[in-house]
Each structure stands twice: as C-alpha cells, then as structure tokens.
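S.K.: Before anything else, here's the structure in question.
The values are calculated or read from the model by the stated rules, or taken from the named source; none is laboratory data. Note that the structure is predicted; figures quoted are calculated from it, not measured. FYI the Cβ positions are ideal-geometry reconstructions off the backbone, even for glycines, and counts take in every protein chain you see.
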Amino acid sequence: MRDTSDSVKGPHEQGADEGVRVVVVGKGGVGKSTLTAMLARSMARWGARVVAVDADEQRNLGATLGIDLDTLAHIVPLAQSVEYVEEKTGAKPGDGSGAMLRLNPDTSDIVDRLAVEAPDGVRLLTMGGVQRAGGGCLCPENSILAAAMANMRLRRGEVVIMDTHAGVEHFGRALARGFDRALVVVEPTFNSVQVGLDTARLANDLGIETIDLVVNQCRREGDLDTALSCLDRLGGFAFSSVTELPFDERVVVSEPSIGELLDDTPLAKAIQALARRLFSRTIDEARRDDYLSVGH
Ligand SMILES: Nc1ncnc2c1ncn2[C@@H]1O[C@H](COP(=O)(O)OP(=O)(O)OP(=O)(O)O)[C@@H](O)[C@H]1O
Ligand SMILES: [Mg+2]
C-alpha cells in the first residue's frame with residue numbers, strides 16, 4: 001500500500017488545514033521566485049514537508065530552488081500531464097470540445113504522482129498553463145489546475161508555497177480556497193508598490209485571510225520608508241506584517257540557484273525570520289514559543 005503520510009491531503013481528510021498555505025505575488029521581477037525558493041528550502045531544513053508550486057508559466061522556480069538543468073528539462077507540467085489530467089477529469093488536455101468533465105476531481109495524490117525532488121527535500125510541482133485557471137474556459141487542464149489549487153489542505157508540518165506570475169486575477173476564487181496567506185512582494189519603487197497594492201486588494205477581495213508585505217531589494221536606509229510612503233499615497237492597506245529584505249549582490253552572482261545564499265547572508269537571515277513566523281503556525285502550540293525564541 002502506498003504510504004501517503006507525507007502527501008498533500010484532500011480537504012475531507014482528517015487533520016486537514018493545519019499546515020501553511022502561502023502564495024507569493026507581486027509585480028514582475030521584484031523577487032518572488034527568489035523569496036519562494038529561499039523560504040521553501042529554509043523551512044525544509046527545519047523539518048517541514050514543503051511542496052513548492054510553480055504557477056508561473058515561465059517556470060523559473062525549479063532552477064531557483066537548485067534543481068539541475070537535466071531534471072528540469074524533463075519536467076512535464078500538470079496542465080500537460082495527459083494521463084493524469086485524463087484520469088482525473090475524464091478528458092485530455094486540449095480537449096475543449098465540451099465533453100463532460102469532472103470539474104472538481106480529487107487531486108490529493110498530485111504531489112506523489114507529479115512532483116519532482118528539489119534540494120533539502122523540497123518537492124516541486126509545476127502547474128504550467130495556469131494563466132486561464134479559474135477563468136471561463138471549461139477545458140480539462142483548467143479544471144485540473146483549479147482543482148489542484150483549491151484542494152490544498154494540509155496537515156501539521158506541511159507547507160505549500162506557490163510562486164506566481166505577476167498578477168493573480170486569473171486564479172479567481174480557486175486561489176482563496178487553496179491558500180490562506182499571501183506574501184505581497186514589492187521593491188522600494190512606486191510602480192511595484194502600486195502593483196503590490198492592487199494584488200493585495202484583490203487577494204483580500206478573494207477572501208485570503210492573511211496578507212503580508214515584503215519589501216525586497218532594499219539598498220539603503222530609508223528604502224523601507226520609501227515603500228511605505230508610496231503605500232500611504234496610494235491609499236494604504238492593512239498588511240498583517242511588513243518584512244524588509246536587503247539587496248544582496250550574491251543573489252545575482254549565484255543565479256539561477258539560491259542554494260549558496262541560505263546559510264549566513266543577511267538576506268537569508270531576514271528570510272529565515274519570515275520563514276520562522278510562517279512555519280511556527282504549523283507546529284504544535286506547545287512547542288511554538290520555544291521554537292520562536294530559540295530560532296533556527
Ligand atoms: N534581495 C535581492 N538582492 C539582489 N538581487 C535580487 C534580490 N531578490 C531578487 N533579486 C534578483 O532580482 C531578479 C528578479 O528576481 P526573481 O526572478 O526572483 O523575481 P520574480 O518576481 O520571480 O520575477 P518574475 O516576475 O519575472 O518571475 C533576479 O535577477 C534576482 O536574482
Ligand atoms: Mg519568478
């Protein structure tokens with residue numbers, strides 16, 4: 001019998017909803033993939049069972065996590081996984097003929113079947129073609145993407161963290177059904193804050209409970225204030241928390257993988273502080289205070 005003890009569980013299963021389900025959003029190029037990969041690997045090093053989901057059709061997350069190029073070249077995204085899509089929905093990807101589709105199939109085996117192993121034990125699930133998920137098209141690949149997203153219910157110690165393409169409107173309600181937390185990434189620039197704010201409001205409208213702000217690529221003192229004052233000028237937003245991340249030249253030097261940045265860079269430390277706050281939500285309450293005070 002297959003051991004599914006470390007799998008992403010379906011919503012109906014016992015102990016569901018005790019994990020952490022985070023979606024990372026923001027304007028193009030602000031650092032979403034870098035942050036997602038660093039959070040994922042940091043939490044995995046502390047013992048979390050982490051599934052990193054790449055919902056950006058440009059598919060950068062695997063390389064950023066440190067998966068080798070040969071493995072990456074062989075990844076078949078969920079939307080193109082013919083056998084899986086057909087088994088679950090009753091129709092093949094690309095079959096938009098209006099055949100009867102199962103619209104909310106059970107995707108609780110998705111990680112076991114389709115994820116690829118990344119360093120530190122993170123598992124990568126590549127969505128592919130998600131730009132229309134939740135939209136009007138009732139084709140099998142959209143049905144499976146929406147179901148996969150909406151059915152992310154986790155047990156204690158499990159984390160799903162999803163990297164997205166700029167803008168999340170295409171996800172629609174499936175996003176809020178699958179994720180309870182959004183990290184809105186901005187740089188200290190007016191334009192990125194404006195996009196971040198729009199995204200935060202949309203996430204809020206969709207019903208995502210907790211929305212955090214991450215101000216990335218801060219080069220000098222005052223950058224955080226610059227971002228916050230842009231936010232004020234645009235009408236403000238009640239973010240649950242604000243995290244400042246420094247600009248670090250080594251990110252660019254070590255591209256595409258963030259593997260070498262995880263140990264003792266100021267950026268890693270700031271990201272670990274954020275990761276600790278996210279991850280502490282999924283460990284036993286009794287252990288939570290110890291965990292947060294000792295740090296990792
Ligand atoms: N804190 C940082 N310090 C220095 N460089 C950074 C930092 N964060 C990200 N970068 C660099 O900024 C660029 C964009 O980062 P990344 O690819 O993570 O952004 P993204 O939001 O995922 O972009 P896209 O929207 O294109 O997917 C990359 O070259 C990355 O190495
Ligand atoms: Mg990216």
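Quick grid of which residues meet (1) under 17 Å from the mean Cα position of the chain (by Cα); (2) at pLDDT below 85:
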position	(1), (2)
Asp95	no, yes
Ala99	no, yes
Asp112	no, no
Cys137	no, yes
Glu141	no, yes
Gly157	yes, yes
Met162	yes, no
Ala166	yes, yes
Ala174	yes, yes
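S.K.: For region 205-224, state whether one or more residues are touching a Leu at 6+ places or on another chain (Cβ under 7 Å), more than 10 Å from ligand 1 (Cβ to nearest atom), closer than 24 Å to Asn60 by Cβ and among the polar types (S, T, N, Q).
M.R.: No, that holds for no residue.
S.K.: Within region 32-47, does at least one residue satisfy the condition of being in contact (Cβ under 8 Å) with a residue 60 or more places away in the chain, within 12 Å of the chain's Cα centre (by Cα), within 9 Å of ligand 2 (Cβ to nearest atom) and over 25 Å from Glu141 (Cα atoms)?
M.R.: Within region 32-47 (the criterion being in contact (Cβ under 8 Å) with a residue 60 or more places away in the chain, within 12 Å of the chain's Cα centre (by Cα), within 9 Å of ligand 2 (Cβ to nearest atom) and over 25 Å from Glu141 (Cα atoms)), the answer is yes, since at least one residue qualifies.
S.K.: If you go through region 228-276, how many residues are within 9 Å of ligand 1 (Cβ to nearest atom), touching a strand residue (DSSP E or B) at 6+ places or on another chain (Cβ under 6 Å) and in contact (Cβ under 8 Å) with a residue 60 or more places away in the chain?
M.R.: Count: 2.
S.K.: Scanning region 244-265 for residues that are within 15 Å of ligand 2 (Cβ to nearest atom) and assigned to a helix (DSSP H, G or I), which turns out surrounded by the most Cβ atoms within 10 Å (Cβ to Cβ)?
M.R.: Among residues in region 244-265 that are within 15 Å of ligand 2 (Cβ to nearest atom) and assigned to a helix (DSSP H, G or I), the one surrounded by the most Cβ atoms within 10 Å (Cβ to Cβ) is Val251.
S.K.: Can you tell me which residue is modelled with the highest pLDDT among those in region 23-38 that are under 25 Å from Glu260 (Cβ atoms) and surrounded by fewer than 24 Cβ atoms within 10 Å (Cβ to Cβ)? Steps first, answer last, please.
M.R.: Filtering region 23-38 for residues under 25 Å from Glu260 (Cβ atoms) gives 24, 26, 28-38.
Now restrict to residues that are surrounded by fewer than 24 Cβ atoms within 10 Å (Cβ to Cβ): 28-29, 31.
Numbers: Gly28: 93, Gly29: 94, Gly31: 97.
The qualifying residue modelled with the highest pLDDT is Gly31.
S.K.: Any residue in region 205-221 that is in a helix (DSSP H, G or I), more than 24 Å from Ala79 (Cβ to Cβ), among the basic types (Lys, Arg) and more than 16 Å from the chain's Cα centre (by Cα)? Please lay out each step first, then the result.
M.R.: Taking region 205-221 as the starting set, the residues that turn out to be in a helix (DSSP H, G or I) are 205-206.
Adding the requirement that they be more than 24 Å from Ala79 (Cβ to Cβ) leaves 205.
Right, trim to among the basic types (Lys, Arg) and you get none.
Checked region 205-221: no residue is in a helix (DSSP H, G or I), more than 24 Å from Ala79 (Cβ to Cβ), among the basic types (Lys, Arg) and more than 16 Å from the chain's Cα centre (by Cα).
S.K.: Filter region 42-70 down to the residues that are touching a strand residue (DSSP E or B) at 6+ places or on another chain (Cβ under 8 Å) and more than 13 Å from Asp163 (Cβ to Cβ), then identify the one that is surrounded by the most Cβ atoms within 10 Å (Cβ to Cβ).
M.R.: Here the answer is Met43.
S.K.: Another question, if that's okay. State which residue pairs qualify: first residue on the phi > 0 side of the Ramachandran plot and inside region 188-212, second residue buried (at least 20 other Cβ atoms within 10 Å of the Cβ) in any location, beta carbons under 7 Å apart, and separation of 6 or more residues or different chains.
M.R.: Matching pairs, first to second residue: Gly207/Ala176.
S.K.: Please enumerate the residues belonging to region 222-233 that are touching a Phe, Trp or Tyr at 6+ places or on another chain (Cβ under 8 Å) and part of a loop (DSSP other than H, G, I, E, B).
M.R.: Listed by number, the list is empty, since nothing qualifies.
S.K.: Another one. What do you reckon, is Ser254 out of contact with any Pro (no Cβ under 9 Å at 6 or more places or on another chain), within 21 Å of Ala182 (Cα to Cα) and of a type outside the set (Val, Ile, Thr)? Write out each step before concluding.
M.R.: Working: out of contact with any Pro (no Cβ under 9 Å at 6 or more places or on another chain): yes; within 21 Å of Ala182 (Cα to Cα): no; of a type outside the set (Val, Ile, Thr): yes.
The answer is no for Ser254.
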